[in-house]
Amino acid sequence: MMSTPELNTREWLLLSAYLDGELSPREKNQVEELLQANPASQQALEGLRRTCQVLQHAHARRVPRNFTLDESMLRRPWLPSFSRVLSYSSALAGLLLVIVLALDFSSSSRMLTASDLALAPQAESFSVAPSDKQAAGDAPLIINWGSPAPQMGIYGKGSGGRGEDMAYGLGGGGAAPAYGIGGGAPEVALMPEEGLVEPQILPEESAPEAFIPEESLGEVLDEPLEESLAIVPEPEAQAEEPALEEAPEAQLKAPSAAALGDSPILGVRSESEQGTVSFHGQPASLPDDELSALPWCTLELILAALAGLGALSAWALRKRQAR
Amino acid sequence: MNEESLIHATQQGDLDAFNRLVLDYQEQAYNLALRFLNDEEAAADATQNSFISAYQHIRSFKGGSFKAWLLRIVSNNCYDELRRIKRRPSQPLEALDPQSDGEIEDALWLADESDLPEDALDKKELQDVIQRCIQALPEDFRAVVLLVDVNGLDYKETSQVARVPIGTVRSRLARARQRLQECLRAAWELLPESYRLKEEGRT
């Protein structure tokens, strides 16, 4: 038999379709030109023709039996197969799981938004309320975290100092509900008007010089540095300590037990608000949230278990049936 | 009754009318399945399931070539059966080398009993070679060449059955024929001499 002629894929495709009469007039003309120009294409076409003839002469096998239908073949089972039931049930469980997860997520988002809104007015309550004297032009309030008198109003992180001044804010007052950030803390002034420690520029002989190399000093400055501008705690700070201790005490009045119960408070209220406690909003009801989340988690777990078990059982059953 | 009336009666629920269609097409359907699957039992199951499915979905036939519509059901069932067999192979699916000396144990292509022994042997050898070469084709190529060259469908009907564009039918058929040509050329010496002489005489 002749060897296979070398033609490209398109030429083979055109010749094959030409045999079946499935070419457009333009393509037919192309093939006829190819057949006239290239003897190899004629050889290829003849080879394809013989192949088709062999296939067409393929013997048709007689059927082993008649495939006609009767009623019994067409009767559909009343109940679907058990594996199919398991498949559908696992799919349904999976779908329900997705829905429950979506509902859970959306309800969690709403609760978070509500707690954010509850926080917002509390955040405002911590803003500094300047006193009248300050409005009149006194020096601005300065919070000196390093001072040994934290009662000036700072009940929170960083207060340090003596035991009775320990923080009742964030992290403090464990037994009491948190009325710090997030809680219903009253409006307070962070600093009282009196006992303010103002930074002072110390005279040259008492203030330590900043360690600046003389060479760089000469480069940086036109004139030698005469004064140290380091702000250091003034020497009278300790002497005034008793006054400082007294002043806040004079201003601070322990909140009435009736107003707060046993709860600590943050900050110190201004004179006009002493003795009154205002609450802005209610703390988030964490216990209720935790309780309401439990049924959701249980439902999700149950649905996930149903979906997984159903799918596994259906798969195992089908495998057994296939055997 | 002509085919159209039989189809219409079947759509009205006449099972006897459908069985007459079954008798008309069962040999074509069975041989397509047999060539595709190369297994008698699997081909019989695929054919029976195809006719059951065709009756149950007869209302979806909206006109056109009933043969193409039916053979599409058969080829789909053959694909399903092939996948099932691949998952649980009970016999090797690879076609035997046409040049090998081994013979197929199952004599699938027995000649008619009325044939002379020599003719019967010729036909058997030819059928064996053809079946081996068809089985050596990839499934998609095999389906197209069986529909066009063995069952006589045109390109449009074949594209409906195989659910591919006509251009894909063209391409697959051309490549399938090339491969079959190579396969038959390699086994040319195995073909009966009378057949080869007849072929040479025609050219």
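Quick notes
- Distance between the modelled labels on B:LEU23 and A:ALA91, one decimal in nanometres: 4.1 nm (7 Å Cα→Cβ projection).
- Taking all protein chains together and rolling a 1.4 Å probe, A:THR298 ends up with roughly 70 Å² accessible.
- Efficiency of FRET from Cβ geometry, A:ILE142 and A:ALA114, R₀ 45 Å, rounded to 0.05: 0.75
- Among A:GLU6, B:GLU4, the order of accessible area from largest down is A:GLU6, B:GLU4, computed with a 1.4 Å probe on protein heavy atoms.
- Length gained when the stretch B:GLU40-B:ASP16 is fully extended (0.36 nm per residue, less Cα-Cα span): 6.0 nm
- Couplings 3J(HN,Hα) for the stretch B:49-58, derived from phi with the Karplus relation 6.51 cos²θ - 1.76 cosθ + 1.60 (θ = phi - 60°), are 4, 5, 5, 4, 5, 5, 5, 5, 10, 4 Hz, where x marks Gly and Pro.
- Entries of B:LYS62/B:LYS156; B:LYS67/B:LYS124; A:LYS319/B:LYS86 with Cα pairs more than 18 Å apart: B:LYS67/B:LYS124
- Counting, for every residue in A:14-23, the Cβ atoms of other protein chains within 10 Å of its Cβ and taking the mean gives 4.
- Cα shape, the stretch B:1-92, gyration tensor, a/c 1.5 rule: prolate
- FRET efficiency for the A:SER24 to B:ALA186 pair, using the beta carbon distance and R₀ = 41 Å, is estimated at 0.75.
The values are calculated or read from the model by the stated rules, or taken from the named source; none is laboratory data. These numbers come from a predicted model, not from an experiment. All Cβ positions, even for glycine, are placed from backbone atoms using ideal geometry, and neighbour counts span all protein chains on display. Only protein heavy atoms, including side chains, enter the accessible area calculation; ligands, DNA and RNA are left aside. Shrake-Rupley method; radii C 1.70, N 1.55, O 1.52, S 1.80 Å.
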